[in-house]
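The values are calculated or read from the model by the stated rules, or taken from the named source; none is laboratory data. Everything numeric here is computed off the predicted structure, so don't read it as measured data. Ideal geometry is used to build each Cβ from the backbone, glycine not excepted, and the neighbour counts take in all protein chains shown. Note: areas computed on protein heavy atoms with side chains; ligands, DNA, RNA excluded. Shrake-Rupley method; radii C 1.70, N 1.55, O 1.52, S 1.80 Å.
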Amino acid sequence: MGKSPMRSQRTDEAWQVKYLLGNLTEEEQVQVEERAFADVDYLRSLEATEADLIDAYVRGELSQADRRNFEFRFLTSPGRRSKVEFARALATVTSEAKTQESAAAERPSFIRALWGWNPAVQFAAAAAVLICVVGGGWLYSENAAMRSRIVALDAERRGFQVREQNLRRRLKEEESRTAALTAQSPPLSEAPSEATRAPLVASLILAPGLSRGEARVERLVLSPSVQIARIEIQLDSRDDYPRFRAELRTRRGEEVLSRSNLVGRKSGPGFAVAVDVPATALAVGDYELALKGIAADHTSQDVGYYYFGVQRR
């Protein structure tokens, strides 16, 4: 027997509150963010839950534990702090407006006196009220749009972090596999000839989004026995070109090599372009790899620029 829609909605709201207060595990947080990306209704529900949580904090309706989690985990970004300040200011204005309405209700003679004003004063008062209403609506819509953008950016950041962790795990597995193959190589007396022996390959995986301004730069370590350096560039889903071109240069702009007619191949959950570079062509230093997409009409578009360093043992 399935859950009723009302019960499912309450469960989602409780789950979303735990997500916003940082009470979920990393895996559970990723599940919430992936669902928000895939389901527009769920994203709107998450935004509404965030707004309700902010309002409850401003009105002092949160428990002591939830209030502590809200202040130490939710208020970690400037955007969220700005939304809380906005909600606090809006609550202050609303409270003052209610006070003024109560005062006006206690003095009905003032309302009757308003109708005695001349038409010019009445028109000015009506215009002022209209400006307040339109301005309040605009502020509300801008706040909702800002909330949506902040949630989307935060989810995208977490998605990049998960992708980077997966790439690092794959890189470690590749290094362990290479080390195991090297340890299992036969003695020199039983080793195959140079003509039949497969070249030793060192691998480097570059994730999308790496830029020159990042403090961390990927490193490719080449041992004396390595003959080929295989550089694998992870592609975004939008980079669906039939062909690619890679250009490898030193940081001083000196061209090392270029490769054309490269194709994207399945790699884990996505696609990647692999570039094989002779180890002898790579000196110790920093390099820039430019990847361009070649469209069907032979025009080229920049896909990205990737930076890495080479070290030798």
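Candidates 282, 257, 262: the one that is more than 25 Å from the chain's Cα centre (by Cα), surrounded by 12 or more Cβ atoms within 10 Å (Cβ to Cβ) and in contact (Cβ under 8 Å) with a residue 40 or more places away in the chain is 282.
Pairs are defined by a Cβ separation below 7 Å, a sequence spacing of at least 6 or placement on different chains, a first member in the range 129-152 that is more than 18 Å from residue 33 (Cα to Cα), and a second member that is exposed (fewer than 14 other Cβ atoms within 10 Å of the Cβ); no pair meets this definition.
Taken together, 311, 301 contain a single residue that is in contact (Cβ under 8 Å) with a residue 60 or more places away in the chain, within 14 Å of residue 217 (Cα to Cα) and open to solvent by 70 Å² or more (accessible area, probe 1.4 Å), which is 311. Counting only helices (runs of 4 or more DSSP H) wholly contained in the range 20-82, the ones carrying 2 or more residues that are under 22 Å from the mean Cα position of the chain (by Cα) and surrounded by fewer than 18 Cβ atoms within 10 Å (Cβ to Cβ) occupy 26-38, 40-58.
For residue 240, the stated conditions hold: it is under 15 Å from residue 263 (Cα atoms), modelled with pLDDT under 90, within 26 Å of the chain's Cα centre (by Cα) and open to solvent by 50 Å² or more (accessible area, probe 1.4 Å).
Considering only residues of the range 83-92 that are open to solvent by less than 60 Å² (accessible area, probe 1.4 Å) and farther than 12 Å from residue 50 by Cα, which is modelled with the lowest pLDDT?
Result: 91.
Of all the listed residues (139, 171, 153, 167), the sole one being at pLDDT 75 or above and over 30 Å from residue 267 (Cα atoms) is 139. Taking the criterion of being in contact (Cβ under 8 Å) with a residue 24 or more places away in the chain and either under 11 Å from the mean Cα position of the chain (by Cα) or open to solvent by 90 Å² or more (accessible area, probe 1.4 Å) (or both), the only residue of the range 165-176 that qualifies is 175.
Pairs meeting the criteria (first residue in the range 22-50 and within 18 Å of residue 150 (Cβ to Cβ), second residue open to solvent by 90 Å² or more (accessible area, probe 1.4 Å), beta carbons under 7 Å, at least 6 apart or on different chains) are 22/73; 42/35.
Hey, does the range 214-227 have a residue that's among the aliphatic types (A, V, I, L, M), modelled with pLDDT under 85 and loosely packed, with under 14 Cβ neighbours inside 10 Å?
First, pick out the residues of the range 214-227 that are among the aliphatic types (A, V, I, L, M): 215, 217, 220-222, 226.
Checking the rest, the ones that are also modelled with pLDDT under 85 come to 215, 217.
From the residues that got through so far, the ones that are loosely packed, with under 14 Cβ neighbours inside 10 Å too are 215, 217.
The answer is yes, given that some residue of the range 214-227 is among the aliphatic types (A, V, I, L, M), modelled with pLDDT under 85 and loosely packed, with under 14 Cβ neighbours inside 10 Å.
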